[in-house]
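**Student:** Can you read through this structure? Questions will come right after.
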Amino acid sequence: AMDNVLERFQFYTPSLNSQVSHRLQMASQLRQAVQKHELILHYQPQVSLDSGKIVGVEALLRWQHPEKGMVSPLQFIPLAEETGLIVPIGEWVLRTACEQGKRWHDMGVHGLTMAVNLSAKQFALNNLATVVRHALDDSGLDSHCLELELTESASMETPEKSIEVMQLLKSMGVRLSIDDFGTGYSNLNYLKRFPVDQLKIDRSFVQDVTSDADDLAIARAVIALARSLHLEVLAEGVETLGQYNVMKENGCDKVQGYYFSKPLAVDDCTRFLLEHTKA
Ligand code: C2E
Ligand code: CA
Ligand code: CA
Ligand code: CA
């Protein structure tokens, strides 16, 4: 048995080492990515089901890696969180998104909400409100145009502290949205006390909403929950007319997804916004 263990150990060591060194290399590259301007934001439109108009965009991070090309946030956000790099990166995201929101406002795209993802680490920072305040002041973006997306799990880690931070952000006029709703463990008691404006139905429930009765039931339940708590509700990952119709028929407020648009590079999004907001 011992021989077996040693064999396995030796067998796995090289690949384990290479995994570790790959991660170390990625971490050091990520550390430089901000200074080297390799991080960019794409923006995905959010559409009101009432008016059919674009009412917001979500800023989504991309890494233009010199060798790997466009790297998805799913491949580096976890690493950024473990290394603490998410803090400076997140601040860059916040500032850049606020500046772009202001630029679009100045181009005549008014009343657009700029949604920015916050990681649990950022949410736990003691100076989050100050960082947000500076991003707003320096960009000149109206605080009511900024929406911060928090995941359920980030909010539930230390719920009492979350409520305080949320209240502070609300007092500044910032909108708050609970991201990936339904995927974490929802404590409805706390949800009731969170001063949030919106729930985002996770894509995993939207995907099969036209064919899976359980997913449809969940989507309906989240919409009803939002209604009764006087919250807005947005369905993410809407790809088809069928999914769009289900959301509309069931009283969802907004949708976001490939059916309307993929996340767009800034210039493409500018064109999209100007086309769709022209009188
Ligand atoms: P998320 O916040 O749930 O963002 C939605 C994800 O769904 C985005 O993936 C978006 O491109 C994708 N998506 C939107 N519509 C559709 C659709 O119709 N079909 C499909 N299949 N996918 C759709 P993305 O951009 O790869 O981002 C993945 C995750 O990375 C985000 O999930 C978010 O958790 C995280 N992330 C992205 N940007 C940031 C950031 O600036 N800060 C932090 N902390 N996390 C970020
Ligand atoms: Ca999000
Ligand atoms: Ca989401
Ligand atoms: Ca999601």
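The values are calculated or read from the model by the stated rules, or taken from the named source; none is laboratory data. Predicted model, so just to flag it, every value in this text is computed and none were measured. Glycine gets a Cβ as well: all are built from the backbone with ideal geometry, and neighbour counts include every protein chain shown. We work out accessible area using only protein heavy atoms, side chains counted, and drop any ligands, DNA or RNA first. Shrake-Rupley method; radii C 1.70, N 1.55, O 1.52, S 1.80 Å.
**Student:** Go through (1) out of contact with any strand residue (DSSP E or B) (no Cβ under 6 Å at 6 or more places or on another chain); (2) more than 28 Å from Gln32 (Cβ to Cβ); (3) open to solvent by less than 20 Å² (accessible area, probe 1.4 Å) and name the single condition Leu79 misses.
**Tutor:** (2)
**Student:** Please verify whether Leu150 is crowded, with 19+ Cβ neighbours inside 10 Å, closer than 26 Å to Leu79 by Cα and within 16 Å of ligand 1 (Cβ to nearest atom), treating the condition exactly as stated.
**Tutor:** Criteria met by Leu150.
**Student:** Sticking with this one: Taking the residues in segment 216-243 that are surrounded by 16 or more Cβ atoms within 10 Å (Cβ to Cβ), away from ligand 1 (no atom under 16 Å from the Cβ) and not in a helix (DSSP H, G or I) as candidates, determine which candidate is farthest from the chain's Cα centre (by Cα).
**Tutor:** Per the stated criteria, the residue is Leu231.
**Student:** In addition: Can you confirm whether segment 194-207 contains a residue that is more than 30 Å from Gly101 (Cα to Cα) and within 16 Å of ligand 3 (Cβ to nearest atom)? Don't jump to the end; show me each part of the working.
**Tutor:** Looking only at segment 194-207, we keep the residues that are more than 30 Å from Gly101 (Cα to Cα), and these are none.
No: zero hits.
**Student:** Which residue is modelled with the highest pLDDT, if the candidates are limited to segment 177-189 and must be away from ligand 2 (no atom under 16 Å from the Cβ) and over 14 Å from Leu231 (Cα atoms)?
**Tutor:** This residue is Asn189.
**Student:** Still on this structure, please answer the following. Just one of the numbered conditions (1) open to solvent by less than 20 Å² (accessible area, probe 1.4 Å); (2) farther than 19 Å from Met114 by Cβ is not true of His37; which one?
**Tutor:** The failed condition is (1).
**Student:** Sort out which residues of segment 176-215 are closer than 23 Å to Leu241 by Cβ, open to solvent by 40 Å² or more (accessible area, probe 1.4 Å) and within 11 Å of ligand 1 (Cβ to nearest atom), and write them in order of number.
**Tutor:** Scanning segment 176-215 gives Arg203, Ser204, Gln207.
**Student:** When segment 129-165 is examined, which residues are found to be of a type in the set (Ser, Thr, Tyr), away from ligand 2 (no atom under 16 Å from the Cβ) and either more than 18 Å from the chain's Cα centre (by Cα) or within 27 Å of Gly111 (Cβ to Cβ) (or both)?
**Tutor:** Result: Thr130, Ser139, Ser143, Thr158.
**Student:** I've got another one for you. It is to be established whether one or more residues within segment 80-96 are of a type in the set (Val, Ile, Thr), modelled with pLDDT of 95 or more, closer than 19 Å to Cys145 by Cβ and within 16 Å of ligand 3 (Cβ to nearest atom).
**Tutor:** yes
Residues are listed down the side, and each one gets a yes or a no for (1) under 26 Å from Phe205 (Cα atoms); (2) in a helix (DSSP H, G or I):
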{"site": "Leu148", "(1), (2)": "yes, no"}
{"site": "Met156", "(1), (2)": "yes, yes"}
{"site": "Glu160", "(1), (2)": "no, yes"}
{"site": "Val165", "(1), (2)": "no, yes"}
{"site": "Ile178", "(1), (2)": "yes, no"}
{"site": "Gly184", "(1), (2)": "yes, no"}
